[in-house]
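Notes to accompany the following structure.
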Amino acid sequence: MIDILDLTADVLVAGGGPAGAWAALKAAQAGADVILVDKGYLGTSGATASAGTGVWYVEPETEAREAAMASRENLNGHLSDRRWMARVLDQTYANINELATAGRYPFPILDDGSELRRGVQGPEYMRRMRAWLKRAGVRILDHSPVLELLTDPAGAVAGVAGHRRQLDQPYRVRAGAVVLATGGCAFLSRALGCDVNTGDGALFAAEVGAAFSGMEFSNAYAIAPEFSTVTKTAYYNYATFYREDGTVLEGAGSQRGRSVIARALLTGRVFARLDLAGETVRAAMRLGQPNFFLPFDRMRIDPFTDRFPITLLLEGTVRGTGGVRVADEDCSTGVAGLYVAGDAATRELICGGFTGGGSHNSAWAMSSGTWAGTAAARHARALGPAAKRRRLIATGQAGLRPTGAQLGTHHDVVRAVQAETHPYEKNYLRHGDVLAEALATLDELWTYTSAHTRGPDPVGGRQAAAMVAHARWMYTAALARTESRGMHKRLDYPDTDPTRRHRLLVGGLDELWTKADPVRPHTPLDLAVAS
Amino acid sequence: MIELVSKDRCVTCDRCVEACPTNVFDRGADGIPVIARQSDCQTCFMCEAYCPTDALFVAPTVTPLPTGDPLRNEDHLVATGLLGSYRTGLGWGHGRTPGSRLAVGPDLTPHKESSHQAASNGRSCSPCRLISGR
Ligand SMILES: Cc1cc2nc3c(=O)[nH]c(=O)nc-3n(C[C@H](O)[C@H](O)[C@H](O)COP(=O)(O)OP(=O)(O)OC[C@H]3O[C@@H](n4cnc5c(N)ncnc54)[C@H](O)[C@@H]3O)c2cc1C
Ligand code: SF4
Ligand code: SF4
C-alpha cells in the first residue's frame, strides 16, 4: 500500500451517476472547486449509464404540467408533493435543454426540425456529462469508493475518506461540504448496472445522524430474461406471459400484474413473448433501446416469436423511492455540510410510494443534483478558508472498524443479507410475520457484522455492512406501515388506511426508530380538506 | 459475463480497465487486459461500448460459460456479427451516427398496429413516445 493521497476541495461529490454529475457541474458553475469521486467510472457506472432513462420532460404548459403531476398520484398512494413536483418539472426542463446545448447531447431530430427530448441513452448521456464536467474544471477520481464521512469536532461534515482500488491507496478529501449521490441499493442482484449500488451513502449518512424516509418503498422487482441482467421492462407492455406448459398466465403484466408473475415464479417457470408488437413497433424498439436486444440476439432468441423464460430481479431502492430524508428545498439533510441527491435521497417528494420507472427518477436525479450542488457550493463559500483547517474525525463503523475479532469474509454477510431480501416471498409478497422473522435475522447479522466483518478488501466490507443496514431500515419501515400503499403491499393488511397517509421516517444503526414525518405531503387531497 | 479479450484486436489502450465499473480487469504484463475478477462482472456491456477495436465480448449470461461454448470463440463471434454489435447499436465509433440521434422508440402503450402506424406517420403520437429508459 502506498501513502495516503490528501486532497482539498470546496465541494466533494460522492458518486458519478447523473445525480452526482449534475451536482458537481452546478457546484462548479457556482464557483466552487469540486472533486467528484466514484466507486467505478463516471460515464459507465450506476443505473443510468448502462440502462438509459426516459425523462420527465414536460413543456411548460399549464395543462400538460397538471396532467403530468396528476398521472401518478393514485398509484403512489398520494404521498408526493405538488410543490416539489412543480419545481422538479421546471428544473428538469431547464437541465435537459442545457444538456442539449451546452452539454451537446445528440437528441433525435423530428421531421419538423425540433428535437425529441424525453429520454436519454445511458452511455451517451453519461459520456457527455463526463466531458462537460471536465470542461467545467471538476476533478474526477474514478475507482475511488468513499468508505466514510469525516466530520469536524462539532459534527459538521468536513470531508470523506476512501480507497483508490486500482492503486491500493487510501485517500482523504477535506471539503467545505459533501454531496452524497451514491445511488440506491439493489443488493448485488445483477440488475442492469446496479452492482455498484449497495447503499453505501445511506450508511455513511446514518453514521453522522441523518434519517430516512420511504424505506418501506424498497421492493422494486424488474423483469429480465431468466439467464440475463437486462432489467429493461418498458417493452414488456407488448408481452404475453405464459406458464411452462404454454398456457397463458392470466392477470400477469409488466405494469400491473407483476406480482402475479412473482407468485407463479415461486412454483415454476414463467415465459414471455412480445407478441403484441407489430413490424413498426419492432423496428422502433431496436432504435429506442439497443441494449434491450443484447440478451436475445446473443442467445439466438427472437423475442417476438419465441417464448423465453423470465425472472424478476430485485432493484430495491434503485427503482423504489426510499432514501435519506430531504430536510429542505436545497436537499440538505439536517446534518451540517451534508447534502443528498438522486436515488440516495428519498424520491417520495415527487414519486410518493411508487416509481418503477417512467422518467421521474431521472428528473429527480438531475434536479436534486442541481439543488444539492448549488447549496453545497454556497455552504462551502460561507465557511471560507477556515473550513480546510478543521480537525477531522472519522465516522465509519460497521464493516470498517469492527469492535471485535475479525471473522469470516464480507461474502458470507452478503449471502446472508441476500437470503433475507431477494426472495419474493419475503420482500415482494410482504406479510408481517415473515418480515418480523427476516428482521430478527438481520438484526443478528448487524450485530455480527459490526463486531467481526472487515474485508478482505475494505470496500467489500463496507458494502456488506451498508446492505445489512439498508435491509433493516426497509423492514422496520415495512412493519410499521400496517397497510398497503404504493408499491408496499402487505398480504396481512391488503387495504389502504386513510389515517396513514403520511410519510414514515426511520433511522438509527444499533437501535432503530420510526415515526410519522411531521411534514405533510402537499397534495390535491390536502387542498380539498383545507377548503 | 465478460468472456473474451481478443489478443489480435486489442491495441492495449487500457480503456476497458478504466471504464469497467466493477473493476474486473487488470493490466496484463504484455499490455493486454486480463479478466482478473470475472465473478465481479455485472454484465453491463459497457467495456464493449468503450473498446475502440471491438476486442471484447460480453456474453449475456450471468454465470461463466463452459470452455467449448461458441460465445467464447472469436471466429464464431465474428462470423455471426456479434463481436462489436453493441457499439454498432450505440452508433459509437468513427464515421457512425450516434444511436441517440435515432432513438425514437415505440409508443409504450400498445395500440392496435394499424392505429399506431397511423399515429407514428405524423407527429400525433409523439407525446407518448418514449425513447430509452425503463
Ligand atoms: C434498468 C433500469 C432502467 C431504468 N429506467 C428508468 C427510466 O426510464 N426513467 C427513470 O426516470 N429512471 C429509470 N431508472 C432509474 C434511474 O436509473 C435512477 O433513478 C438513476 O440512475 C439515479 O441516479 P443516481 O445518480 O442517483 O444513481 P446511479 O446512476 O445509480 O449512480 C450512483 C453512482 O454512485 C457510485 N457509488 C456508489 N457507491 C459509492 C461509494 N461508496 N463511493 C463513491 N461512489 C459510489 C456508483 O458507482 C454510481 O456511479 C432505471 C433504472 C434501471 C436499473
Ligand atoms: S460487462 Fe460491465 S462489469 Fe463486465 S467486464 Fe464489461 S464493463 Fe465490466
Ligand atoms: S479497450 Fe479494447 S483495445 Fe483497449 S485495452 Fe481494452 S480490449 Fe484492448
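Values quoted throughout were computed directly from the atomic coordinates according to the rules given, and no laboratory measurement underlies them. Keep in mind it's a predicted model, so treat the numbers as computed, not measured. A quick note on method: Cβ atoms are made from the backbone with ideal geometry, for glycine too, and the neighbour counts reach across all protein chains shown.
Taking Cα pairs under 8 Å and at least six residues apart, what relative contact order does chain A come out at, in percent?
Details: 1264 pairs, mean separation 116.5, N = 531.
Rounded, it is 22 percent for chain A.
Can you return the aspartates and glutamates within cross-link range of A:Lys388? Criterion is Cα-Cα under 20 Å, with same-chain partners fewer than 8 residues away left out.
A:Asp6, A:Asp10, A:Asp33, A:Glu148, A:Asp152
Looking at the range A:1-70, which GluC sites (Glu not before Pro) are DSSP coil and have at most 14 other C-beta atoms within 10 Å of their C-beta?
A:Glu61
The range B:1-93: which trypsin sites (Lys or Arg not before Pro) are DSSP loop and have at most 13 other beta-carbon atoms within 10 angstrom?
B:Lys7
What does the charge count near A:Ala394 come to, summing +1 for each Lys or Arg and -1 for each Asp or Glu among other residues with Cβ under 9 Å from its Cβ? Walk me through the numbers on the way to the answer.
On the way: positive: A:Arg401; negative: A:Glu148.
Combined, the nearby Lys, Arg, Asp and Glu give 0.
Please report how far the C-alpha centroid of the range B:1-65 lies from that of the range A:421-437, rounded to the nearest whole angstrom.
Measuring centre to centre over Cα atoms gives 37 Å.
With an 8 Å Cα cut-off and a minimum separation of 6 or more residues, compute the relative contact order for the range A:410-496 in percent.
37
Name the trypsin sites (Lys or Arg not before Pro) in the range A:276-305 that are in a loop by DSSP and that have at most 12 other C-beta atoms within 10 Å, would you?
Passing both the DSSP loop test and the Cβ count: A:Arg300.
To make sure I understand, if each residue's beta carbon is the centre and we count other beta carbons within 10 Å, what order do A:Val318, B:Val62 fall in, fewest to most?
Placing the least packed residue first, the sequence is B:Val62, A:Val318.
Let me know the shape class of the range A:285-429, please: from the alpha-carbon gyration tensor, a ≥ b ≥ c as square roots of the eigenvalues, rounded when a/c is under 1.5, otherwise prolate if a/b is greater than b/c, or oblate.
Values: a/c = 2.44, a/b = 1.47, b/c = 1.66.
Oblate, because a/c is 1.5 or more while a/b does not exceed b/c.
Please get the size of the charge dipole for the protein assembly as shown, origin at its Cα centre, with Cβ charges of +1 on Lys and Arg and -1 on Asp and Glu, quoted in debye to the nearest 20.
Result for the protein assembly as shown is approximately 980 debye, rounded to the nearest 20.
Identify, among A:Ala471, B:Thr97, A:Ser259, the residue whose Cα sits farthest towards the positive end of the charge dipole of the protein assembly as shown, taking +1 on the Cβ of Lys and Arg and -1 on the Cβ of Asp and Glu, with the dipole about the Cα centre.
It is B:Thr97.
Go through A:Tyr41, A:Cys194, A:Thr355 and say which Cα lies farthest out towards the positive end of the charge dipole of the protein assembly as shown; charges sit on Cβ, +1 for Lys and Arg, -1 for Asp and Glu.
Value: A:Tyr41.
Determine the calculated [θ] at 222 nm for chain A from helices alone, applying -39500 (n - 2.57) to every DSSP H run no shorter than 4 residues and normalising by the residue count; nearest 500 deg cm²/dmol.
-11000 deg cm²/dmol
Looking at the P(r) of chain A, how many percent of alpha-carbon pairs lie beyond 47 Å?
Every Cα pair in chain A considered, those over 47 Å come to 7 percent.
Could you pull out every residue, at least 5 positions away or on a different chain, whose amide H is within less than 5 Å of the one on A:Ala158? Hs are placed 1.01 Å off N in the peptide plane, and Pro or chain starts have none.
A:Leu150, A:Thr151, A:Asp152
Which aspartates and glutamates have a Cα lying under 16 Å from the Cα of B:Lys7, excluding residues fewer than 8 positions away in the same chain?
Qualifying aspartates and glutamates at Cα under 16 Å: B:Asp26, B:Asp30, B:Glu48, B:Asp54, B:Glu74, B:Asp75.
Magnitude of the Cβ-charge dipole of the range A:170-235, K/R +1 and D/E -1, about the Cα centre, nearest 20 debye?
On the way: 4 positive and 5 negative charges, 50 e Å.
Here the range A:170-235 has a charge dipole of around 240 debye.
List the lysines whose alpha-carbon lies under 19 Å from that of A:Lys426, not counting same-chain residues fewer than 8 positions away?
Answer for A:Lys426, where 19 Å is the Cα cut-off: A:Lys489, listed by chain and number.
If we count other beta carbons within 10 Å of each Cβ, what is the order of A:Met487, B:Met46, fewest first?
The most exposed by this proxy come first: A:Met487, B:Met46.
Local charge sum around A:Ala158 (other residues, Cβ-Cβ under 13 Å, Lys/Arg +1, Asp/Glu -1)?
Within the 13 Å Cβ shell, the charges total +3.
So if I average 1/r over every pair of distinct C-alpha atoms in the range A:410-496 and take the inverse, what Kirkwood radius in Å does that give? Walk me through the intermediate numbers first.
Details: mean 1/r = 0.0748 Å⁻¹.
One decimal place: 13.4 Å for the Kirkwood radius.
Say each of A:Arg381 and B:Thr80 gets a label point 7 Å from the Cα, pointing the same way as Cα to Cβ; how far apart are those two points in nm?
That separation, rounded to one decimal, is 5.7 nm.
For the range A:410-496, what is the charge dipole size about the Cα centre, in debye to the nearest 20, if Lys and Arg each add +1 at the Cβ and Asp and Glu each add -1 at the Cβ?
Rounded to the nearest 20 debye, it is 300 debye.
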